[in-house]
Amino acid sequence: MERRSMFLSNIDQFLNVDMGTVHFFSSNQAFPPSAVCEAVGRALRELLVPYDFLAGRLKEDPLTGRVEIDCNGAGAGFVVASCERALEDMGDLTCPSPDIVKLVPSKSLPGLEDWPLMVTSFACGGFAMGISNNHITFDGISFKMFLDNLASLAAGGPLSIEPLNDRHLFSFRSPSSEAIPNPDQVTLDEDIQTMGTAVSIENIQTKLFYLTHSDIAALKDKANASASATTHSSFNVLTAHIWRCKSLSAADGTDPHSILGVNYAIDIRPRLPLPASYTGNGIFIAICTATYGELAEGTLSSVAELVREGSEIVTGEYVRSVIELLEGVPGHHGLAVLGGGFLVTSWWRLGLEGVEYPWGKVLCYMDTGGLGNDVAVLLPDFRGSGGVNVLVSLRGDEMERFEKLFYDLLK
């Protein structure tokens, strides 16, 4: 395939961060680990044709400062490993631990210098598939499409969907500035307390919280009982609940007039619209703010309404306007420019647990790259009971208060 430079949209530019996921599978006598490795390796080689950018390398244009992908055919790493332990000896597979994080391969050089996929077999016959990538390559929706294609090719079939790699679809010019009703949401207001402060990794605690289907229904009933007109979605209610718990877990003596924010990613494909086969980042970081007093004294319904309003602001014209405003802004730390502070991100309903591999569906999976201080990740209920797992990373001095509030405010 001819060498080319791949344009990256302004949203791609601002998601230049490393990601990692690990996917666990039970043993399957028809597919021993050696057969799985052969099938995955073959499928990956085939995928590097339609996904040629995955075999490329990130580079920066010295004239514009924009990041792009040099589709130079340098290749992607594929690692085969084994572990003498059984999967059951690895502890809770839905919560990151030092041993589990090792199942996601480290890249030899920064950025996209190596895009590795690693299959690790265990003594029980089960195995893990660890994937490292830069967020520039995929968002959650396009990553799910990639896994569908990987699974189909591993089974000897065709692509399940032909990827559309043209990131120019997300390139806009001269939108109306009137489309931005709240310019303060484009850049951080100096009054907002940025909760994403630099904290050493030793001071961060990560815990998994589980909400049953009944817990989610109870929260929605509570929020919708006092809602004026709108029925709140599960995501808005959960985000409101988590945001309140995070904000109220701060140290005592917080100024009630302090402004606290939450950021959350929303799918903007249907709002632009973008084709379903688009491989680039089709997400946007919505920003919602409130005073500490509003969060402490308000109802779950009132906070959920703020979350809903933050999402509704993000229309297609709003996105086009913000993308234009971001033109020329260096994209190495774009998440901070777009919002900063507490982040709620959802893998809950992406459908990764439903990918049909020839050796069976995933037992569970975990995001290992999106964790850091002041982050909450919504993950599916791998029990199949309709609940949700909430993986939260906070400073150690906040986690105990957060945990108490998380369950107390369910009542």
Out of L352, L335, L363, sole residue that is at pLDDT 90 or above and either acidic (D, E) or open to solvent by 20 Å² or more (accessible area, probe 1.4 Å) (or both): L363
Conditions first: (1) assigned to a loop (DSSP other than H, G, I, E, B); (2) surrounded by 15 or more Cβ atoms within 10 Å (Cβ to Cβ); (3) of a type outside the set (S, T, Y). I131 passes all but one, so which condition is the exception? (1)
Taking the stretch 1-22 and keeping only residues that are touching a Cys at 6+ places or on another chain (Cβ under 9 Å) and part of a loop (DSSP other than H, G, I, E, B), one is left with M1, E2, R3
Tally, over the stretch 216-229, of residues that are open to solvent by less than 50 Å² (accessible area, probe 1.4 Å) and in a loop (DSSP other than H, G, I, E, B): 1
Quick check: anything in the stretch 89-97 more than 12 Å from A128 (Cα to Cα), modelled with pLDDT of 95 or more, open to solvent by 30 Å² or more (accessible area, probe 1.4 Å) and outside any strand (DSSP E or B)? yes
Quickly run through the stretch 101-152 and pick out the residues that are on the phi > 0 side of the Ramachandran plot and at pLDDT below 95. G111
Hits in the stretch 67-82 - residues which are open to solvent by 40 Å² or more (accessible area, probe 1.4 Å) and either out of contact with any Lys or Arg (no Cβ under 9 Å at 6 or more places or on another chain) or farther than 26 Å from G280 by Cβ (or both): V79, V80, S82
Is there a residue in the stretch 45-55 that is in contact (Cβ under 8 Å) with a residue 60 or more places away in the chain and in a loop (DSSP other than H, G, I, E, B)? yes
Considering (1) assigned to a helix (DSSP H, G or I); (2) more than 28 Å from E88 (Cβ to Cβ); (3) of a type in the set (S, T, N, Q), say which one T64 fails and leave the rest. (1)
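A quick yes/no check of all residues on (1) within 21 Å of G156 (Cβ to Cβ); (2) in contact with a His (Cβ under 8 Å, 6 or more places away or on another chain); (3) among the hydroxyl-bearing types (S, T, Y):
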| site | (1), (2), (3) |
| --- | --- |
| L8 | no, no, no |
| N16 | no, yes, no |
| H23 | yes, no, no |
| N28 | yes, no, no |
| P32 | yes, no, no |
| V40 | yes, no, no |
| A43 | yes, no, no |
| P62 | no, no, no |
| G65 | no, no, no |
Considering only residues of the stretch 261-312 that are open to solvent by 40 Å² or more (accessible area, probe 1.4 Å), small (G, A, S) and assigned to a helix (DSSP H, G or I), which is farthest from K222 (Cα to Cα)? A296
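The values are calculated or read from the model by the stated rules, or taken from the named source; none is laboratory data. It should be emphasised that the depicted structure is a prediction, and the values quoted were computed from it without experimental measurement. Cβ coordinates were reconstructed from backbone atoms using ideal geometry, including for glycine residues, and neighbour counts include every protein chain displayed. SASA here: full protein model, heavy atoms, side chains in, ligands and nucleic acids out. Shrake-Rupley method; radii C 1.70, N 1.55, O 1.52, S 1.80 Å.
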